[in-house]
Amino acid sequence: MTLLIVSPILFPLLGMLINALFGQRMRERVVGWVASFAVIAAFAASVVLFVQLSQSHGEPLRLTLAPWITAGALNVAWGFLVDPLSAVMMLIVTGVGALIHIYSIGYMHGDPRFARYFVYLNLFVAAMLVLVMADNFLVLFVGWELVGLCSYLLIGFWFQDVKNAAAGRKAFVVNRIGDVGFVLGMLLIFATFGTLDFETVFAQVKVRGESLAAVASLITLLLFIGATGKSAQIPLFVWLPDAMAGPTPVSALIHAATMVTAGVYMMSRAHVLFELAPTTQALIALVGAITALVAGSSALRQVDIKKVLAYSTVSQLGFMVAAAGLGAYVAALFHLLTHAFFKALLFLGAGSVIHAMHAAHGDVDPQDMRAMGGLAKRMPFTFLTFVIGGLALAGLPPLAGFFSKDEVLLAAFADNPLVFVLLGITAAFTALYVGRQIVLVFLGEPRSANAAHAHESPAIMTMPLAVLALLTLAGGAINLPGGGWLHHWLEPVLHEAAKPLNVGLALVFTLIALGALALAWVWYRDAQRARLEVESALGRFLLSAWHIDAVYHATVLRAFYTLSTICSQLIDIGLIDAAVNAVGRSARAAADQLRAAQSGFVRNYGLLMFLGVIVLVVYFVVVR
Amino acid sequence: MEPTSFVVFLSSVLFVIGALGVLLRRNALMIFMSIELMLNAANLAFVAFAQRWAQLAGQVFVFFVMTVAAAEVAVGLALIVTIFRTKRSTSVDELAQLRG
Amino acid sequence: MPVVVEVTLKSAALIFVLLTGFAYLSLLERKFIARLQARIGPNRAGPFGLLQPVADGLKLIFKESVTPKGVDKPIYFLAPALVVVPALMLFAVIPVGKGATFQLASDLNVGALYVVGVMSLAVYGIALAGWASNNKYAVLGGLRAAAQMIAYELGMGLSVAAVVLMASSASLADIVAAQYPEQYGGILGWFLFRQPVAAAIFVIAAFAEVARAPFDLVEAEQELTAGFMTEYGGMKFALFFMGEYVKMIAVSALFTTFFLGGWSGPFVNEAPILSVVYFTIKVVVCLLAFIWVRATLPRVRYDKLMDMGWKVLFPVALANVLVTAVLILLGLPGYRL
Amino acid sequence: MTDWIVLGLLGVLSVASALGLLLSRNAIYAALFLVLNFVIGAVIYLVLNAPFLAVVQISVYAGAIMVLFIFVIMLLGAERLTPAENPPGLNYQRPLALILGVLALGLAAYVLLTRQASAAPVAQSVDASPTAVGLQLFRNYVFPFEVVALLLLAAMVGAVVLTRKTE
């Protein structure tokens, strides 16, 4: 029993260990399946835990492996917790993770660092499970940092290309900024509550209540800064589009389905704290909505097939964060769940397309949508599943995305008109860029030799697509409007009442989505328009995501460089180096005088030592 | 005078003889042996004090000194052998290249 | 001071027994090897040649004492004594029988360490004899002896350490007692059976320590004429000869004490004198084994000898100590303290 | 009284053998004097209730360290190597060393004669059996013990590396 709780973590770790030690000497297939079975085993263990949890009526399963830090008042243990919230996350992580592992066997075929890829991927799954199963903030943070590490390693996986390495570094640095907030938040939690255990902290919140409002605002603000880093919110979202430099399955698993949702998960986990701080919550909702709009609009003009999805991910994360800010945690988690399905599906579909474009002979960028077109005929299965995912993203009933997005919008409609408007516009944008992408990639005539000679991907890649497509089709069912299963399941943790279905709202947004899709069909049947659009001022503005990177360069980075120059020129060279050199010079001058004492005869030195000893003894015996 | 004082005095005499050996002899092996004599003199004092105060710690220290001496001899003799191979001599006065 | 008198008397008796024993051991060896080689051996002096050792001794005593030119005289004369004395010193702690009558200092609480320490002193005699002779072969023999003994001391010391662990005492009297705990029926209590690896290492190291065939590289006549003894003759040679045989007896007595249950045997409580008889029988059996091996095995090559000492015996002995300690910690039957 | 005779005798022998070490021209003789000194030291340890150390002194110093010394002296033929005269600039070494030595002895004597031993009664002798020493080692001094073990290993590796013939 005890080991069962941590077994979802142990299986991927074991797989990692095997591949790390013997991966170089094993055949590709073996490496791939070892890694995949490790995650499948973790999934099976998660299912077993899930069943046990449902039989215990939401009573959480706990396990404390060992004490970790015991220093004064600080007591942190390697504690793990399986409650309805973490159980759902575990299923997503291991389930989607397993599919993507299998898909990767095909996608990474022939890569010289095949084994290393799977080592990282397994480590990621283990780390993500540590994150979601932690029973205190510090263990959560361990997972939080480990997934960040894996993300960094995998973004820069093809590090021979400087661009990829730079993208990895950017992700790392940007995430660290957020982490500073998170660490400060943790310290403040410890200062306030004297512990980092979730249970104790939340119990204290319930007891002490309103008296904590001020400090809770600060804590939640700091935690939210951490979340903006990991979950790619304004102002720290810039790393995620660049993170597409990594292999596409990584983008699907880490940068769409699991890791980037860690912020949302963390806010749901600590919702007790967040509910004490209405100001922070309002800010969170607004940040989420603005992020959604900015990223959603940026996705409208992207030409890279993965960049569209990347901005779309940022936008959808904005939805989740906004929902969390509105206090609609179930909606946020529901959207997280469905998004994991359909966005992983879209990424894997895009990966399939890239794989095909790459494999075919030709000399264009395999990710440039302007060079695609007409792939529907050549890759019918990928096309079918991609369309399912795309329509789910656009929010068409009865696909999964429709239900979850609707819940978010419903929550916004009830609480915060500004957020509602922003999210509404974003929803329209979403349908538009989805339509644009489908039309540009799959419809019309091939616009390059690569596209003309593309072939459907192997079964090992299309099979996960099929599974994810089925989940996307049926995923909405787990939380039908008006208090579905997920609501009921998360009730013991989140204590949230379900909102009734608003048929009018649903209808309006369905029509908006249909309209936007139609518009995309009309506009982009002729691919020329997509090409010209990018050239325009608005196009450039949106292509570079509202010039945020440039703004950073002009402000933060320039200031930082200036500061660095001052430090290096004035302080380092002028002050410290000068002092060090002066010390060196004076030592040298002294040495020139003293070198006479260095006769080179050992016995001479011995004599001096003996003399010294006698002087000391005389001092101690006679003088004192 | 009591036995402890006598043994401590004996120890200091041995120590001085060892020190003189280090300072007066030129053969590296002789110097090395004189150092061993000095260590032994210190050990003697330790044991005398251990006896005087009925504290086993003194004896344990001697044990450590002996172990360290064994390590020192192993490396030291290896050094002397190596030096002898190149210099054909065991005189420490020949090793004066590092003078200032 | 009766204690001093008692100790002196006992020592004198012991030394007398050892000297006679040495003389007749040489006869025994010659006879036994002769039988092994289908000869008869010395049988002229006295009945069955029993007076042969006396004749040998007289001959050596009356030989002219030659001192070669160029030897370092003080050390040249000191060396033979340095061979005999440590061998005799070993007997101080060996309990040759039950009860205080037959023991000198067997209850010394550092007895086993004393054995190892004194044994290591035996190198001096041989190394110095070689050096003082001012003779190439002798120096080489002496160096070989020093290197060989250092190498095998470690294995022997560690095998004794395993025995000390088993007995949880370094006193030889306690070690003998530990081989007769109530729960083991008779002979199975011997450390020979409870510490077979240590016993094997001790035997091999003993051959090297005594420098007898197959490890008699020190005096390998084909390479080194007579090794460190080349320049010695007459009484001085007799001392080396004696040293070797006394050491052989000492090592056999130690093996008996450490691994064969010492003086123990049936009915020792009723008649303590039996214990001495048992002890003697066991030692003689060991000595016969020594002689038997000499008649059977060829000499090993010197580099092989050193290889075995450092690379096989030492690590195995170390591992044996470790395993023994673990077994004792686990409290396995036969290893319970 | 007997104790005093024994200790005095041992002391005289010990100093004599140390002087032998200091004054012998031949390195082998010096080494033998040192061995003698160590053996006498071991006997003093016995008198001072340190049997374990006495035996360790014999087997480590006399049995291992000094054998190694003699081995190296014989190997190098170093006993006959008498180096040339004092190098220039070291002429003051000998007289100064002697003066310092006498000074140090004088200091030791001064301390012994002027300082009264503390009036505290001599504590009753402590159990110094190997068991007791072992318990001390493994209870109170485990860390130094392990460090020393590591040091020995390092020394062994060092000696092997230093004396290996370079190709």
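The values are calculated or read from the model by the stated rules, or taken from the named source; none is laboratory data. Given the structure is predicted, the values throughout are model-derived calculations rather than measurements. Cβ: placed from backbone, ideal geometry, glycine included. Neighbour counts: every protein chain shown. Heavy atoms of the whole protein, side chains included, go into the accessibility calculation; ligands, DNA and RNA do not. Shrake-Rupley method; radii C 1.70, N 1.55, O 1.52, S 1.80 Å.
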(message) Net charge around residue B:83, counting only other residues with Cβ within less than 14 Å of its Cβ (Lys, Arg = +1; Asp, Glu = -1)?
(response) +2
(message) If you scale each eigenvalue of the Cα gyration tensor by 5 and take the root, what three semi-axes come out for chain A, rounded to whole angstrom and sorted largest first?
(response) 48, 32, 26
(request) Multiply the residue gap between residue A:621 and residue A:477 by 0.36 nm, knock off their C-alpha separation, and tell me the result in nm, one decimal place. (result) 42.5 nm
(message) Can you pull out the chymotrypsin sites (Phe, Trp or Tyr not before Pro) in the stretch A:423-475 whose DSSP state is coil and whose Cβ has at most 14 other Cβ atoms within 10 Å?
(response) none
(request) Kindly express, to the nearest 10 degrees and within the range 0 to 90, the angle between helix A:503-524's C-alpha long axis and the longest C-alpha principal axis of chain A. (result) 90 degrees
(request) Between residue D:139 and residue A:165, with labels modelled 7 Å along Cα→Cβ, what's the label distance in nm to one decimal, could you check? (result) 5.9 nm
(request) Grab the beta carbon distance between residue C:304 and residue B:85, set R0 = 22 Å, and tell me the FRET efficiency rounded to 0.05. (result) 0.25
(request) Report ³J(HN,Hα) in whole Hz for each residue of the stretch D:8-13, in order, from the Karplus equation J = 6.51 cos²θ - 1.76 cosθ + 1.60 where θ = phi - 60°; Gly and Pro get x. (result) x, 4, 4, x, 4, 4
(request) Using only the Cα atoms of the stretch C:1-62, each taken as one equal point scatterer with no solvent, compute I(q) by the Debye sum, divide by I(0), and report log10 of the ratio at q = 0.12, 0.15, 0.20 Å⁻¹. (result) -0.43, -0.58, -0.79
(request) Can you tell me which of A:173-180, A:72-79 comes out highest on packing, and rank the rest after it, using the mean Cβ neighbours within 10 Å? (result) A:173-180, A:72-79
(request) Determine which residues of the stretch A:74-108 fall in the zone a paramagnetic label at residue A:44 would reach in this model, i.e. backbone nitrogen under 19 Å from the point 7 Å along Cα→Cβ. (result) A:90-103
(request) List the relative contact order of the stretch B:3-90 as a percent without decimals, with contacts defined as Cα pairs under 8 Å and 6+ residues apart. (result) 27 percent
(request) Determine, from the Cβ-Cβ distance of residue C:267 and residue C:296 and an R0 of 41 Å, the FRET efficiency 1/(1 + (r/R0)^6), rounded to the nearest 0.05. (result) 0.70
(message) Roughly how far apart, in whole Å, are the Cα centres of the stretch C:269-337 and the stretch A:436-461?
(response) 82 Å
(message) Given points 7 Å out from each Cα along the Cα-Cβ axis, report the residue C:3 to residue A:211 separation in nanometres with one decimal.
(response) 7.8 nm
(request) Can you work out the PRE-style zone for residue A:414? Point 7 Å along Cα to Cβ, and I want the residues of the stretch A:467-503 with backbone N under 11 Å. (result) A:482-483, A:496-502
(request) Could you look at the stretch C:1-62 and say what percent of its accessible area is carbon and sulfur, using a 1.4 Å probe and all protein chains? (result) 76 percent
(message) Can you compute the FRET efficiency between residue A:377 and residue A:111 using 1/(1 + (r/R0)^6), with r the Cβ-Cβ distance and R0 = 35 Å? Round to the nearest 0.05.
(response) 0.75
(request) Using only the Cα atoms of the stretch C:42-188, build the gyration tensor, take square roots of its eigenvalues as a ≥ b ≥ c, and label the shape rounded, prolate or oblate: rounded if a/c is under 1.5, else prolate if a/b is larger than b/c, else oblate. (result) oblate
(message) If you split all Cα-Cα distances of chain C into 20 Å bins from zero, what percentages do you get per bin, shortest first?
(response) 29, 58, 12, 0
(request) Return the average number of partner chain Cβ atoms within 10 angstrom of each residue Cβ along peptide C:68-75. (result) 1
(request) Could you tell me how many degrees, from 0 to 90 and to the nearest 10, lie between the Cα long axis of helix A:329-359 and the main elongation axis, the longest principal axis, of the Cα atoms of chain A? (result) 90 degrees
(request) Let me know the longest stretch in chain C that avoids all chymotrypsin sites (Phe, Trp or Tyr not before Pro) found in a DSSP loop with at most 11 other C-beta atoms within 10 Å. (result) C:63-266
(request) Please calculate the 1.4 Å probe accessible area of residue A:199, with all protein chains present, and give it to the nearest 10 Å². (result) 110 Å²
(message) Can you work out the Karplus-derived ³J(HN,Hα) for every residue in the stretch C:112-117? Use 6.51 cos²θ - 1.76 cosθ + 1.60 with θ = phi - 60°, whole Hz, and x for glycine or proline.
(response) 5, 5, 4, 4, 4, x
(message) Can you give me the Kirkwood hydrodynamic radius for the protein assembly as shown, using every pair of distinct Cα atoms, in Å to one decimal?
(response) 38.2 Å
(message) I need the trypsin sites (Lys or Arg not before Pro) found in the stretch A:515-595, filtered to DSSP loop residues with at most 15 other beta carbons within 10 Å of theirs.
(response) A:525
(request) Positive end of the charge dipole of the protein assembly as shown (Lys, Arg +1 and Asp, Glu -1 on Cβ, about the Cα centre): tell me which of C:329, C:295, A:162 has its Cα farthest that way. (result) C:295
(message) If the only charges are +1 at each Lys and Arg Cβ and -1 at each Asp and Glu Cβ, what is the size of the charge dipole of the stretch B:3-90 around the Cα centre, to the nearest 20 debye?
(response) 380 debye
(request) Report, in deg cm²/dmol and to the nearest 500, the calculated mean residue ellipticity at 222 nm for chain C, where each DSSP H run with n ≥ 4 adds -39500 (n - 2.57) and the sum is divided by the residue count. (result) -22000 deg cm²/dmol
(request) Search the structure for amide H atoms under 5 Å from the amide H of residue A:499, placed 1.01 Å from N in the peptide plane, and list their residues when 5 or more places away or on another chain. (result) A:482, A:483
(request) Could you tell me the distance between the Cα centroids of the stretch C:115-172 and the stretch C:29-84, to the nearest Å? (result) 24 Å
(message) Need one value: the accessible area of residue A:455 in square angstrom, 1.4 angstrom probe, rounded to the nearest 10.
(response) 140 Å²
(request) Can you sort C:194, A:29, C:44 by 1.4 Å-probe accessible area, starting with the largest? (result) C:44, A:29, C:194
(message) Not counting ligands, DNA or RNA, and with a 1.4 Å probe, what is residue A:510's accessible surface area in Å² rounded to the nearest 10?
(response) 20 Å²
(request) Mind jotting down the distance between the C-alpha centroids of the stretch A:540-614 and the stretch D:140-166, whole Å? (result) 36 Å
(message) To make sure I understand the rule: partners must be lysines, Cα under 25 Å from the Cα of residue C:236, and not fewer than 8 residues away in the same chain. Which ones qualify?
(response) C:31, C:59, C:63, C:69, C:73, C:136, C:247
(message) Give me the inter-chain shielding for C:110-117: mean count of other chain Cβ atoms within 10 Å, whole number please.
(response) 6
(request) For residue D:127 paired with residue A:24, estimate the spin-label separation in nm (one decimal), with each label point 7 Å from Cα along the Cα-to-Cβ line. (result) 5.6 nm
(message) Using Cα-Cα distances under 8 Å and only pairs 6 or more residues apart, what relative contact order does the stretch A:57-149 have, in percent?
(response) 26 percent
(request) Enumerate the amide H contacts of residue A:78 below 5 Å, restricted to partners 5 or more residues apart or on another chain; note that Pro and chain-start residues carry no placed amide H. (result) A:65, A:66, A:68
(request) Over chain C, calculate the relative contact order: mean separation of alpha carbon pairs under 8 Å at least 6 apart, over the residue count, as a percent. (result) 23 percent
(request) Label the stretch B:3-90 by shape, choosing from rounded, prolate and oblate, from the square roots a ≥ b ≥ c of the eigenvalues of the Cα gyration tensor; if a/c is under 1.5 it is rounded, and otherwise prolate applies when a/b is larger than b/c, oblate when it is not. (result) oblate
(request) For the stretch D:99-108, take each phi angle, set θ = phi - 60°, evaluate the Karplus expression 6.51 cos²θ - 1.76 cosθ + 1.60, and give the result in whole Hz per residue in order, putting x for glycine and proline. (result) 4, 4, x, 4, 4, 5, 4, x, 4, 4
(request) Mind pulling the per residue volume of the convex hull built on the Cα atoms of the stretch A:208-351? Å³ is fine. (result) 81 Å³
(request) Evaluate peptide D:108-115: per residue, the Cβ atoms of other protein chains within 10 Å of its Cβ; return the mean as an integer. (result) 5
(request) Please report Rg over Rh for the stretch C:63-126, where both radii come from the alpha carbon positions and Rh follows the Kirkwood definition. (result) 1.18
(message) Using the Kirkwood radius over C-alpha pairs as Rh, can you work out the diffusion coefficient of the stretch B:42-100 via Stokes-Einstein at 20 °C, viscosity 1.002 mPa s, in µm² per second?
(response) 153 µm²/s
(request) Give, rounded to the nearest 20 debye, the magnitude of the charge dipole that chain C has about its Cα centre when Lys and Arg contribute +1 at Cβ and Asp and Glu contribute -1 at Cβ. (result) 680 debye
